[in-house]
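Shown next, in structure tokens, is the structure this report addresses.
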Amino acid sequence: MEDSLLPPSLEPASVAGNLRDERGVPAAAGPEAAAVLHAAQRFAAFAAHHGATVCGPALGEPRVEDGHPVQYFRNLVLELGSDGQIAPRPLGSMALARQEAAPTATELRFPQWLDLRAELPTHVTLRYPLRPLAQIRYLILHHSGASARFDARQIAAEHVGVNGWPGMGYHFVIGPDGLIEQCQDLGVSSHHVAQFNPVAVGIALLGDLRLGAPTGRQMDAAADLLSCLCQQLGLPRQAIRGHGEMVSTDCPGPAFLAEWRSRLFQMVGDRLRIPAAGPAGGQSG
Ligand SMILES: [Zn+2]
């Protein structure tokens, strides 16, 4: 019955003619084809030896990936290593390597937002330090502590002109109408939460939240942005903190802990499809 593991492609006559490289281009005949033909026979022997439960049926033709002959089976992928040994591909280590590779800014996708990064004032000579995105651990909420009409450009002008900072301190601002504006690359370690700057993204809600909670649209936009950031930076919901939870300040206002933090967590959880917790929980999807 293990004969059924051997696909027609492993018949010596068809292997060399069906070889494909990673882009699907037929591999040249010659020494390489002969080497892969040899590998194909060894894949078949491995499959015959280890049986259907381990390998499952072969899928498609043998091919060359990353310079190694490989054969896909339903349950695993075999690879002829540079040491000449046939072995299952180290898929676990490959997955880990992918996970650990920090996403680049261009790979990140956010909800509708306005990109102000090239437009905001910056210091003539000073520059913020850069960081790998994998370093980010916290998503910090602020309020602007001023009229909501005091906008991202005015805040950036103050951070640069008055504070003497290299540029805008916040990575994002969210207006009362729900408009999200990106003000810094996530890879920029800007000023907004003291010693936590290198590991934190700053998100400022426009308005003076000492006077009350954010608007409904501001909450929706914040939940959209935060859930995207959690997903794309691989962070748990607990990464979301108020400025005042990190250092001594009343930012983003007393109503944060008293009222809208739990609501915001719930909204982010809904977007991330985390089941509701707590005594009243149990009905969110
Ligand atoms: Zn703050």
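What follows draws every value from the coordinates through simple rules; no lab data is involved. Computed from a prediction, not measured in an experiment: that's the story for all the values here. Cβ atoms come from the backbone with ideal geometry, glycine included; neighbour counts cover every protein chain shown.
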Placing each pseudo-label 7 Å from Cα in the direction of the beta carbon, residue 194 and residue 41 end up separated by a distance in nanometres of 7.2
Would you mind classifying the range 105-272 by shape? Square roots of the alpha carbon gyration tensor eigenvalues, ordered a ≥ b ≥ c; an a/c under 1.5 is rounded, otherwise it is prolate if a/b is larger than b/c and oblate if not. rounded
J(HN,Hα) series, the range 156-163, from Karplus relation 6.51 cos²θ - 1.76 cosθ + 1.60, nearest Hz, glycine and proline x: 4, 4, 5, 4, 7, x, 8, 7
Please compute the contact order of the range 184-285 in relative form: average sequence separation of alpha-carbon pairs under 8 Å and at least six residues apart, divided by the residue count, as a percent. 25
